[in-house]
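Structure first, commentary second.
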Amino acid sequence: MKTNRLPQEAPKIFIEERKRSVLVKGGDNAAALNCDEDSLAGSVSQRACVYCGARVVLNPITDAVHLVHGPVGCASFTMDIRGSLSSGTELYRNSFSTDLSEEDVIFGGEKKLAAAIDLLVARHHPKVVFVYSTCIIGVIGDDLQAVCKAASQRNNVDVIAVESSGFMGNKAAGYRAACNVLLKAMEPQDGSLVKSKPKAINFFGEFNVAGERWIVHNYLEQMGVELNVVLTGDARYEDLKRTTHAALNIVQCAGSMNYLANKMQELYDIPFIQISFVGVGDTVDTLRKIAEALADPDITAKTEALIERELAGITPALEQYRKRLTGKKAAVYVGGGFKAISLIRQFKELGIEIVVIGTQTGMKEEYQRMATLVNDGTVILDDTNPAELTGFMMELQADLLVGGTKERGIAYKIGRGFIDHNHARQHALIGFEGAINFAKEVADTICSPVWKYIPQIGGEKHG
Ligand code: SF4
């Protein structure tokens, strides 16, 4: 495929200090990409808040009260717009805050927090209360652990402090804070139950956006595999207590859950494999990897039958989309590395070349993997900002941007299509049915007649 620009040619960047966070594919230069570090001050970043990372991971626990201890602004990072679905209670959709004022900041917010917990428990009877620490709590030094412990005893319900003061690291530190909470919650009361279900697996880094957990559950059922616990899509607090019963952990969003899977391997000898249900090729590989890891001939046979059925069902439609899309170009900026890697393969399946690719929280190995999969000349960027993304999309003539809801405006302002692949969307994008949904959305977006009437800034119009 043709080269976008010369390998090693320096990309145009807007902030000098970000030089090492933006690279052009060519040889193995992605090994030098700066990543997994705190965001540059002044750069518009999406990974700068620890609380945000912790909340993303824990919020899909549906029967919990999620109480944000801090100013109301932090709680306005609300989850009720997210597409993470529940098969039961909707309690998790509420965003509660202690709404700290200046007076509380001066005199302390512990009394207000204790009163808020008592009120919420009396009103909602939750199975658990998660209390998130925010920046200001780290500054004023409220003793979250002590308040939560006392509230737990008073109300006879688990009240768990999530140590997530926003400025104490970045989003990845928030993921770890949440995983530590999950580890504590799953501690087995009876050691004999560890790995007690040889055909059961846990699914980590899956948040049931648009019901995606249920799609995977359906595949596993057909394979004869039990889905034990999902962390944390459509999870209940009680579910966490049987996490250690499974024989295997599969990890999709590695950025948020690899830490947990590693800890479980260390503590309970439960192995894990990295998987992805994004795109047809990766879904097929994932199903086979699960069957192989469980080493059961019956599961293997059922898995192959499932793959054959599903491929026969979707291949003709995918071929039609491929004919319409071949030769188009896409830019990708998503949260985690696994999704970016899978999207490279998925776009190739549709005949589309990726010209810009980046993530909010990708890890070094993930960037190295991306660099082996994209063409020379592709721009690879870590923790980017709107100015860079806009510039590279225009320069490399991307027809489409795949990102989260915050990137939508970036694409539309320069007359490009946009696909939401983050938690706010309302339709499933994983598995075989997700691959068809994705292909349809990409085709409908890129081939829409609307582009004839919208000026495309920095390039020619879409074909
Ligand atoms: S915790 Fe800090 S960084 Fe996060 S939303 Fe609140 S004020 Fe902002």
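The values are calculated or read from the model by the stated rules, or taken from the named source; none is laboratory data. This structure is a prediction, so every number in the text was calculated from the model and none was measured. When we count neighbours, we look across all protein chains shown, and the Cβ atoms used for this are built from the backbone with ideal geometry, even at glycine.
Observations on the model:
- Answer from Val374, Val355 - the residue that is assigned by TED's automatic domain parsing to the domain that holds Asn385 and touching a Gly at 6+ places or on another chain (Cβ under 8 Å): Val355
- Evaluated against (1) surrounded by 17 or more Cβ atoms within 10 Å (Cβ to Cβ); (2) in the same structural domain as Asn202 (by TED's automatic domain parsing); (3) among the acidic types (Asp, Glu), Asp298 falls short on exactly one condition, (1).
- If you go through the stretch 40-70 and pick out every residue that is hydroxyl-bearing (Ser, Thr, Tyr) and closer than 22 Å to Ala115 by Cβ, you end up with 1.
- Residue match in the stretch 171-178 (condition: of a type outside the set (Gly, Ala, Ser), crowded, with 20+ Cβ neighbours inside 10 Å and touching a strand residue (DSSP E or B) at 6+ places or on another chain (Cβ under 8 Å)): no
- Verdict on Asn180 being outside the structural domain of Gly335 (by TED's automatic domain parsing), among the polar types (S, T, N, Q) and more than 22 Å from Gln274 (Cα to Cα): no
- Filter result (in a helix (DSSP H, G or I) and of a type in the set (D, E, K, R)) within the stretch 282-309: Asp282, Asp285, Arg288, Lys289, Glu292, Asp298, Lys302, Glu304, Glu308, Arg309
- Filtered by the rule that a residue be crowded, with 18+ Cβ neighbours inside 10 Å and either assigned to a helix (DSSP H, G or I) or more than 16 Å from the ligand (Cβ to nearest atom) (or both), the stretch 68-81 gives Cys74, Ala75.
- Taken over the stretch 111-165, the residue count meeting the criterion of being within 16 Å of the ligand (Cβ to nearest atom), among the polar types (S, T, N, Q) and in a loop (DSSP other than H, G, I, E, B) is 3.
- Neighbours by Cβ (under 6 Å, 6+ apart or cross-chain): first from the stretch 152-170, within 23 Å of Ser256 (Cβ to Cβ); second among the β-branched types (Val, Ile, Thr) and in a helix (DSSP H, G or I): Ile160/Val181; Val162/Val181; Ser164/Val50; Ser165/Ile137; Gly166/Val50; Met168/Val50; Gly169/Val50
- Residues of the stretch 181-214 that turn out to be within 18 Å of the chain's Cα centre (by Cα) and either within 25 Å of Ala291 (Cα to Cα) or among the polar types (S, T, N, Q) (or both), as a count: 12
- Among (1) surrounded by 14 or more Cβ atoms within 10 Å (Cβ to Cβ); (2) over 22 Å from the mean Cα position of the chain (by Cα); (3) not hydrophobic (A, V, I, L, M, F, W, C), the one test that Ser45 misses: (2)
- Residue check, Arg55 of a type outside the set (Asp, Glu) and within 16 Å of the ligand (Cβ to nearest atom): yes
- Checked across the stretch 31-38, the condition of being more than 14 Å from the ligand (Cβ to nearest atom), in contact with a helix residue (DSSP H, G or I) (Cβ under 8 Å, 6 or more places away or on another chain), in contact (Cβ under 8 Å) with a residue 12 or more places away in the chain and on the phi > 0 side of the Ramachandran plot holds for at least one residue.
- Single residue of the stretch 245-271 satisfying the filter (more than 24 Å from Gln360 (Cα to Cα) and not in a helix (DSSP H, G or I)) that is farthest from the chain's Cα centre (by Cα): Asp269
- Exclusive hit being under 23 Å from Gly205 (Cβ atoms) and free of Cβ contacts under 8 Å to residues at least 60 places away in the same chain, set Ala254, Ala293: Ala293
- Qualifying residue in the stretch 310-327 (condition: closer than 18 Å to Val24 by Cα and not in a helix (DSSP H, G or I)): no
- Among the residues listed as Thr62, Thr98, the single one being buried (at least 20 other Cβ atoms within 10 Å of the Cβ), under 20 Å from Leu231 (Cα atoms), in contact with a Gly (Cβ under 7 Å, 6 or more places away or on another chain) and among the polar types (S, T, N, Q): Thr62
- Leading residue by the ranking (nearest to Val56 (Cα to Cα)) among those in the stretch 409-463 that are of a type in the set (Val, Ile, Thr) and free of Cβ contacts under 8 Å to residues at least 40 places away in the same chain: Ile419
- Applying the condition of being out of contact with any Cys (no Cβ under 8 Å at 6 or more places or on another chain) and of a type in the set (D, E, K, R) to the stretch 316-340 and asking which residue is surrounded by the most Cβ atoms within 10 Å (Cβ to Cβ) yields Lys328.
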